[in-house]
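The values are calculated or read from the model by the stated rules, or taken from the named source; none is laboratory data. Note that this is a predicted model, so its numbers are computed, not measured. Ideal geometry is used to build each Cβ from the backbone, glycine not excepted, and the neighbour counts take in all protein chains shown. For accessibility, only protein heavy atoms count, side chains too; no ligands or nucleic acids. Shrake-Rupley method; radii C 1.70, N 1.55, O 1.52, S 1.80 Å.
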Amino acid sequence: MRVISRNVMSALRVTLSMEIIGLLFAPLLQAQEYPADITRGKDVYQRHCQACHGTGGLGDGPDAKDLKVAPANFHRFSSILKSDEELLRTIEHGVVFSPMHAWRGQLTDGEMQDVVAYIRLLAQQGQ
């Protein structure tokens, strides 16, 4: 049986750790390869988000009044402070115990990024 030196074991651990980190963050890295398309984001937003979040992103869409948990108002400071990654995660996985369901499988990664870019535009227009 061979004895592996500590240096080799450390190198293997670092390599394995980097590979795991790469696998975990690969979707985010790939998602950033193409710039977001705000025009496409507006179209996706109008089709899938506007009924709850409203035309201007104030959380006042026609379906909002029937929801027990109010939709996000993208003009609120708490929404503006969220990173693009946090918004993407919310769109992708939804919010537990709220009407915001997961869009993974219904929207592509690109469409989700485009919606985030459009949400950012709505928030800027409201300031």
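A Förster radius of 22 Å, combined with the Cβ-Cβ distance separating T108 from L67, puts the computed FRET efficiency at roughly 0.25. Straight-line cross-link reach from K82 at under 17 Å between alpha-carbon atoms covers these aspartates and glutamates, not counting any fewer than eight positions away in the same chain: E92, D114. Take segment 54-127 with all the other protein chains still there, run a 1.4 Å probe, and you get 61 Å² of accessible area per residue. Treating r as the C-beta distance of S98 and T39 and R0 as 25 Å, the FRET efficiency rounds to 0.30. Between H48 and S78, the contour length at 0.36 nm per residue exceeds the Cα-Cα span by 8.6 nm.
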